[in-house]
Amino acid sequence: MSDLPARLTALGLRHLASNLDDLVALAQKRRLGAREFLEHVVDLEEKDRARRSLERRTTRSRIGRFKPIADYDWNWPSRIDRTRVEASIELDFLADHRNVVLVAPQGLGKTMIAQNIAHQAVVAGHSVLFLTAAQMLLDLGAQESARTLDRRLRFYASVSLLVLDEVGYLSFDARNADLLFQVVSRRYERKSLVLTTNLSFQDWPSIFPNATCATALIDRVIHHADVIAIEGESYRLREAEKRAAKAVDGKKRP
(Lines give C-alpha, C1' and ligand atoms only; values in the text may rest on other atoms or scores of the structure.)
Protein backbone atom coordinates (compact mmCIF):
# COMPACT_ATOMS: atom_id res chain seq x y z
CA MET A 1 0.00 0.00 0.00
CA SER A 2 2.97 2.35 0.57
CA ASP A 3 3.46 3.06 -3.14
CA LEU A 4 -0.24 2.93 -4.08
CA PRO A 5 -0.73 6.75 -4.12
CA ALA A 6 2.27 7.09 -6.46
CA ARG A 7 0.89 4.38 -8.77
CA LEU A 8 -2.53 6.06 -8.79
CA THR A 9 -0.91 9.40 -9.64
CA ALA A 10 1.00 7.75 -12.48
CA LEU A 11 -2.33 6.48 -13.81
CA GLY A 12 -3.74 10.02 -13.69
CA LEU A 13 -6.02 9.35 -10.71
CA ARG A 14 -4.74 12.35 -8.78
CA HIS A 15 -7.80 13.00 -6.64
CA LEU A 16 -7.95 9.38 -5.52
CA ALA A 17 -4.21 9.39 -4.79
CA SER A 18 -4.48 12.55 -2.67
CA ASN A 19 -7.54 11.36 -0.73
CA LEU A 20 -7.00 7.60 -0.65
CA ASP A 21 -7.16 7.12 3.12
CA ASP A 22 -10.26 9.30 3.51
CA LEU A 23 -12.05 7.54 0.67
CA VAL A 24 -11.25 4.08 2.04
CA ALA A 25 -12.46 5.16 5.48
CA LEU A 26 -15.65 6.55 3.94
CA ALA A 27 -16.27 3.31 2.05
CA GLN A 28 -15.86 1.32 5.27
CA LYS A 29 -18.09 3.68 7.25
CA ARG A 30 -20.89 3.58 4.66
CA ARG A 31 -20.26 -0.11 3.94
CA LEU A 32 -20.06 0.59 0.24
CA GLY A 33 -19.84 -2.34 -2.12
CA ALA A 34 -17.05 -2.55 -4.66
CA ARG A 35 -19.24 -1.18 -7.47
CA GLU A 36 -20.60 1.67 -5.33
CA PHE A 37 -17.09 2.59 -4.25
CA LEU A 38 -15.82 2.64 -7.83
CA GLU A 39 -18.77 4.76 -8.97
CA HIS A 40 -18.09 7.23 -6.14
CA VAL A 41 -14.39 7.42 -7.01
CA VAL A 42 -15.07 7.90 -10.73
CA ASP A 43 -17.56 10.68 -9.98
CA LEU A 44 -15.00 12.49 -7.82
CA GLU A 45 -12.26 12.05 -10.42
CA GLU A 46 -14.47 13.47 -13.17
CA LYS A 47 -15.35 16.51 -11.09
CA ASP A 48 -11.71 17.06 -10.12
CA ARG A 49 -10.53 16.79 -13.72
CA ALA A 50 -13.23 19.22 -14.85
CA ARG A 51 -12.11 21.67 -12.14
CA ARG A 52 -8.45 21.41 -13.12
CA SER A 53 -9.31 21.74 -16.81
CA LEU A 54 -11.28 24.91 -16.08
CA GLU A 55 -8.38 26.31 -14.06
CA ARG A 56 -5.94 25.62 -16.90
CA ARG A 57 -8.18 27.19 -19.54
CA THR A 58 -8.79 30.21 -17.30
CA THR A 59 -5.05 30.73 -16.77
CA ARG A 60 -4.25 30.33 -20.44
CA SER A 61 -7.04 32.69 -21.48
CA ARG A 62 -5.31 35.66 -19.80
CA ILE A 63 -8.68 37.27 -19.08
CA GLY A 64 -7.51 38.67 -15.75
CA ARG A 65 -9.75 40.14 -13.10
CA PHE A 66 -13.06 41.57 -14.26
CA LYS A 67 -16.47 42.60 -13.01
CA PRO A 68 -19.35 40.18 -13.69
CA ILE A 69 -21.99 41.34 -16.12
CA ALA A 70 -24.45 41.45 -13.20
CA ASP A 71 -22.62 44.60 -12.07
CA TYR A 72 -23.11 46.37 -15.40
CA ASP A 73 -25.28 49.48 -15.18
CA TRP A 74 -27.52 49.08 -18.22
CA ASN A 75 -29.20 52.42 -17.56
CA TRP A 76 -26.02 54.48 -17.88
CA PRO A 77 -25.30 54.28 -21.65
CA SER A 78 -27.56 56.44 -23.78
CA ARG A 79 -27.59 53.64 -26.36
CA ILE A 80 -26.97 49.91 -25.94
CA ASP A 81 -28.64 46.80 -27.33
CA ARG A 82 -28.93 44.75 -24.15
CA THR A 83 -30.53 41.80 -25.93
CA ARG A 84 -27.61 41.44 -28.33
CA VAL A 85 -25.04 41.86 -25.57
CA GLU A 86 -26.67 39.17 -23.45
CA ALA A 87 -26.98 36.88 -26.48
CA SER A 88 -23.24 37.31 -27.08
CA ILE A 89 -22.47 36.42 -23.47
CA GLU A 90 -24.60 33.31 -23.96
CA LEU A 91 -22.24 32.49 -26.88
CA ASP A 92 -24.91 32.34 -29.55
CA PHE A 93 -22.32 33.40 -32.15
CA LEU A 94 -19.75 30.65 -31.60
CA ALA A 95 -21.53 27.78 -33.33
CA ASP A 96 -21.74 29.74 -36.60
CA HIS A 97 -18.18 31.11 -36.31
CA ARG A 98 -19.50 34.67 -36.26
CA ASN A 99 -17.64 37.63 -34.81
CA VAL A 100 -18.69 40.14 -32.18
CA VAL A 101 -17.50 43.75 -32.49
CA LEU A 102 -18.07 46.12 -29.56
CA VAL A 103 -17.82 49.75 -30.67
CA ALA A 104 -17.80 52.38 -27.93
CA PRO A 105 -15.87 55.36 -26.59
CA GLN A 106 -13.62 54.82 -23.59
CA GLY A 107 -15.22 54.08 -20.26
CA LEU A 108 -18.49 52.47 -21.36
CA GLY A 109 -17.66 48.89 -20.41
CA LYS A 110 -16.83 47.27 -23.76
CA THR A 111 -13.77 45.55 -22.29
CA MET A 112 -15.84 44.33 -19.33
CA ILE A 113 -18.41 42.87 -21.72
CA ALA A 114 -15.68 41.22 -23.80
CA GLN A 115 -14.16 39.70 -20.65
CA ASN A 116 -17.53 38.27 -19.65
CA ILE A 117 -17.94 36.74 -23.11
CA ALA A 118 -14.47 35.23 -22.85
CA HIS A 119 -15.15 33.87 -19.37
CA GLN A 120 -18.38 32.19 -20.46
CA ALA A 121 -16.52 30.57 -23.35
CA VAL A 122 -13.91 29.23 -20.94
CA VAL A 123 -16.63 27.83 -18.66
CA ALA A 124 -18.27 26.22 -21.69
CA GLY A 125 -15.05 24.32 -22.41
CA HIS A 126 -13.59 26.41 -25.23
CA SER A 127 -9.98 27.51 -25.58
CA VAL A 128 -9.84 31.30 -25.25
CA LEU A 129 -7.19 33.98 -25.52
CA PHE A 130 -7.80 37.56 -24.38
CA LEU A 131 -5.25 40.28 -25.14
CA THR A 132 -4.97 43.73 -26.65
CA ALA A 133 -4.34 44.12 -30.35
CA ALA A 134 -1.06 45.86 -29.50
CA GLN A 135 0.11 42.89 -27.41
CA MET A 136 -0.60 40.42 -30.19
CA LEU A 137 1.08 42.53 -32.86
CA LEU A 138 4.10 43.12 -30.63
CA ASP A 139 4.42 39.35 -30.19
CA LEU A 140 4.09 38.67 -33.90
CA GLY A 141 6.46 41.47 -34.83
CA ALA A 142 9.12 40.10 -32.48
CA GLN A 143 9.39 36.76 -34.31
CA GLU A 144 12.81 36.47 -35.89
CA SER A 145 12.13 34.02 -38.69
CA ALA A 146 9.41 33.10 -41.12
CA ARG A 147 9.07 29.72 -39.40
CA THR A 148 8.53 31.13 -35.90
CA LEU A 149 6.17 33.78 -37.26
CA ASP A 150 4.08 31.13 -39.00
CA ARG A 151 4.00 29.12 -35.77
CA ARG A 152 2.65 32.11 -33.84
CA LEU A 153 0.12 32.91 -36.55
CA ARG A 154 -1.11 29.31 -36.39
CA PHE A 155 -1.38 29.63 -32.61
CA TYR A 156 -3.55 32.75 -32.83
CA ALA A 157 -5.65 31.08 -35.52
CA SER A 158 -6.16 27.89 -33.51
CA VAL A 159 -7.85 29.05 -30.29
CA SER A 160 -11.62 28.63 -30.30
CA LEU A 161 -12.21 32.25 -29.35
CA LEU A 162 -9.74 35.09 -29.81
CA VAL A 163 -10.58 38.37 -28.06
CA LEU A 164 -8.69 41.44 -29.27
CA ASP A 165 -9.15 44.46 -27.05
CA GLU A 166 -8.44 48.12 -27.82
CA VAL A 167 -8.24 48.12 -31.61
CA GLY A 168 -7.92 51.75 -32.60
CA TYR A 169 -6.13 53.14 -29.57
CA LEU A 170 -2.79 53.09 -31.43
CA SER A 171 -1.87 53.51 -35.07
CA PHE A 172 0.01 50.67 -36.75
CA ASP A 173 2.35 50.60 -39.68
CA ALA A 174 1.80 48.55 -42.83
CA ARG A 175 3.58 45.49 -41.44
CA ASN A 176 1.40 45.39 -38.34
CA ALA A 177 -1.69 45.87 -40.49
CA ASP A 178 -0.60 42.91 -42.59
CA LEU A 179 -0.04 40.77 -39.48
CA LEU A 180 -3.49 41.59 -38.14
CA PHE A 181 -4.96 40.87 -41.57
CA GLN A 182 -3.28 37.45 -41.59
CA VAL A 183 -4.72 36.54 -38.19
CA VAL A 184 -8.21 37.68 -39.19
CA SER A 185 -7.98 35.89 -42.54
CA ARG A 186 -6.86 32.61 -40.97
CA ARG A 187 -9.82 32.73 -38.59
CA TYR A 188 -12.31 33.94 -41.21
CA GLU A 189 -15.37 31.65 -41.31
CA ARG A 190 -13.46 29.09 -39.19
CA LYS A 191 -13.18 30.53 -35.67
CA SER A 192 -14.91 33.41 -33.89
CA LEU A 193 -13.33 36.72 -32.99
CA VAL A 194 -14.44 39.25 -30.39
CA LEU A 195 -13.04 42.71 -30.95
CA THR A 196 -13.39 45.98 -29.07
CA THR A 197 -12.73 49.34 -30.66
CA ASN A 198 -13.29 53.00 -29.91
CA LEU A 199 -13.56 53.90 -33.60
CA SER A 200 -16.30 53.43 -36.15
CA PHE A 201 -15.28 51.35 -39.16
CA GLN A 202 -15.16 54.40 -41.42
CA ASP A 203 -12.32 55.68 -39.19
CA TRP A 204 -10.34 52.43 -39.24
CA PRO A 205 -8.09 53.51 -42.11
CA SER A 206 -6.62 56.04 -39.65
CA ILE A 207 -5.33 53.10 -37.57
CA PHE A 208 -3.44 51.78 -40.60
CA PRO A 209 -2.71 54.95 -42.58
CA ASN A 210 -0.26 53.34 -45.01
CA ALA A 211 -1.85 49.89 -45.31
CA THR A 212 -3.48 48.67 -48.51
CA CYS A 213 -5.26 45.86 -46.68
CA ALA A 214 -7.42 48.06 -44.41
CA THR A 215 -10.57 47.67 -46.50
CA ALA A 216 -10.14 43.91 -46.86
CA LEU A 217 -9.45 43.65 -43.13
CA ILE A 218 -12.67 45.48 -42.25
CA ASP A 219 -14.61 43.35 -44.73
CA ARG A 220 -13.49 40.09 -43.14
CA VAL A 221 -14.16 41.34 -39.62
CA ILE A 222 -17.71 42.51 -40.22
CA HIS A 223 -18.88 40.06 -42.91
CA HIS A 224 -20.20 37.58 -40.31
CA ALA A 225 -20.32 39.86 -37.27
CA ASP A 226 -22.70 41.18 -34.67
CA VAL A 227 -21.67 44.83 -34.40
CA ILE A 228 -22.81 46.27 -31.07
CA ALA A 229 -22.52 50.05 -30.68
CA ILE A 230 -22.58 51.60 -27.22
CA GLU A 231 -22.99 55.34 -26.77
CA GLY A 232 -22.92 57.61 -23.74
CA GLU A 233 -20.59 59.23 -21.24
CA SER A 234 -17.74 57.44 -19.55
CA TYR A 235 -18.40 55.39 -16.43
CA ARG A 236 -14.93 56.23 -15.20
CA LEU A 237 -15.57 59.95 -15.67
CA ARG A 238 -18.81 59.61 -13.73
CA GLU A 239 -17.05 57.78 -10.89
CA ALA A 240 -14.26 60.37 -10.82
CA GLU A 241 -16.81 63.17 -10.60
CA LYS A 242 -18.59 61.37 -7.75
CA ARG A 243 -15.33 60.97 -5.84
CA ALA A 244 -14.45 64.63 -6.42
CA ALA A 245 -17.90 65.76 -5.24
CA LYS A 246 -17.65 63.54 -2.18
CA ALA A 247 -14.22 64.97 -1.32
CA VAL A 248 -15.49 68.55 -1.67
CA ASP A 249 -18.52 67.73 0.46
CA GLY A 250 -16.28 66.23 3.12
CA LYS A 251 -14.15 69.36 3.28
CA LYS A 252 -17.21 71.56 3.70
CA ARG A 253 -18.36 69.68 6.78
CA PRO A 254 -17.08 71.06 10.08
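The values are calculated or read from the model by the stated rules, or taken from the named source; none is laboratory data. Everything numeric in this text was worked out from a predicted model, so none of it was measured. Glycine gets a Cβ as well: all are built from the backbone with ideal geometry, and neighbour counts include every protein chain shown. The accessibility values were calculated without ligands, DNA or RNA, using every heavy atom of the protein model including side chains. Shrake-Rupley method; radii C 1.70, N 1.55, O 1.52, S 1.80 Å.
Applying a threshold of 7 Å to beta carbon distances and a minimum spacing of six or more residues, or different chains, the list of pairs starting in the stretch 194-223 at a residue that is more than 21 Å from Ala121 (Cβ to Cβ) and of a type in the set (Val, Ile, Thr) and ending at one that is in a helix (DSSP H, G or I) and open to solvent by less than 20 Å² (accessible area, probe 1.4 Å) reads Ile218/Trp204. For the stretch 33-65, the set of residues classified as outside any helix (DSSP H, G or I) and touching a His at 6+ places or on another chain (Cβ under 7 Å) consists of Ile63 only.
Output the residues belonging to the stretch 177-193 that are free of Cβ contacts under 8 Å to residues at least 60 places away in the same chain and not in a helix (DSSP H, G or I). Of everything in the stretch 177-193, just one residue is free of Cβ contacts under 8 Å to residues at least 60 places away in the same chain and not in a helix (DSSP H, G or I), namely Tyr188. Could you give every pair whose Cβ atoms fall below 8 Å, whose first residue belongs to the stretch 78-93 and is touching a residue at least 40 places away in the same chain (Cβ under 8 Å) and over 21 Å from Arg190 (Cβ atoms), and whose second residue is among the charged types (D, E, K, R) and in a loop (DSSP other than H, G, I, E, B), counting only separations of at least 6 or pairs across chains? Once the first residue is touching a residue at least 40 places away in the same chain (Cβ under 8 Å) and over 21 Å from Arg190 (Cβ atoms) and sits in the stretch 78-93, its partners that are among the charged types (D, E, K, R) and in a loop (DSSP other than H, G, I, E, B) give Ser78/Glu233. Against the numbered list (1) over 16 Å from the mean Cα position of the chain (by Cα); (2) farther than 23 Å from Asp3 by Cα; (3) open to solvent by less than 100 Å² (accessible area, probe 1.4 Å); (4) of a type outside the set (A, V, I, L, M, F, W, C), Arg79 comes up short only at (3). Residues in the stretch 83-101 that are surrounded by 14 or more Cβ atoms within 10 Å (Cβ to Cβ) and among the polar types (S, T, N, Q) were compared, and the one that is farthest from Leu195 (Cα to Cα) is Ser88. Here is a check on your reading of the model: is Ala104 surrounded by 22 or more Cβ atoms within 10 Å (Cβ to Cβ), more than 21 Å from Glu189 (Cα to Cα) and out of contact with any Pro (no Cβ under 7 Å at 6 or more places or on another chain)? So Ala104 passes the test.
Scanning the stretch 174-217 for residues being surrounded by 21 or more Cβ atoms within 10 Å (Cβ to Cβ), within 18 Å of Arg154 (Cα to Cα) and of a type in the set (Ser, Thr, Tyr) gives a total of 1. Number of residues in the stretch 23-53 that are open to solvent by 50 Å² or more (accessible area, probe 1.4 Å) and under 14 Å from Leu4 (Cβ atoms) equals 1. Just one of the listed residues (Asp73, Asp96, Asp92, Asp22) is among the charged types (D, E, K, R), more than 30 Å from Tyr235 (Cα to Cα) and in a loop (DSSP other than H, G, I, E, B), and it is Asp96. Among the listed residues Ala118, Ala133, Ala114, identify the single one that is more than 22 Å from Asp219 (Cα to Cα), touching a residue at least 40 places away in the same chain (Cβ under 8 Å) and open to solvent by less than 30 Å² (accessible area, probe 1.4 Å). Checking each option against the conditions leaves just Ala118. Flag: Phe130 matches the condition of being in contact with a strand residue (DSSP E or B) (Cβ under 8 Å, 6 or more places away or on another chain) and either part of a strand (DSSP E or B) or at pLDDT below 95 (or both). Would you mind stating whether Glu233 is open to solvent by 80 Å² or more (accessible area, probe 1.4 Å) and at pLDDT 90 or above? Answer is no for this residue. Only residues that are assigned to a helix (DSSP H, G or I), loosely packed, with under 14 Cβ neighbours inside 10 Å and in contact (Cβ under 8 Å) with a residue 24 or more places away in the chain: list them for the stretch 142-173, please. Of everything in the stretch 142-173, just one residue is assigned to a helix (DSSP H, G or I), loosely packed, with under 14 Cβ neighbours inside 10 Å and in contact (Cβ under 8 Å) with a residue 24 or more places away in the chain, namely Arg154.
Inspect all residues belonging to the stretch 62-69 and state whether any of them is surrounded by 15 or more Cβ atoms within 10 Å (Cβ to Cβ), among the small types (Gly, Ala, Ser) and in contact (Cβ under 8 Å) with a residue 60 or more places away in the chain. Scanning the stretch 62-69 turns up no residue that is surrounded by 15 or more Cβ atoms within 10 Å (Cβ to Cβ), among the small types (Gly, Ala, Ser) and in contact (Cβ under 8 Å) with a residue 60 or more places away in the chain.
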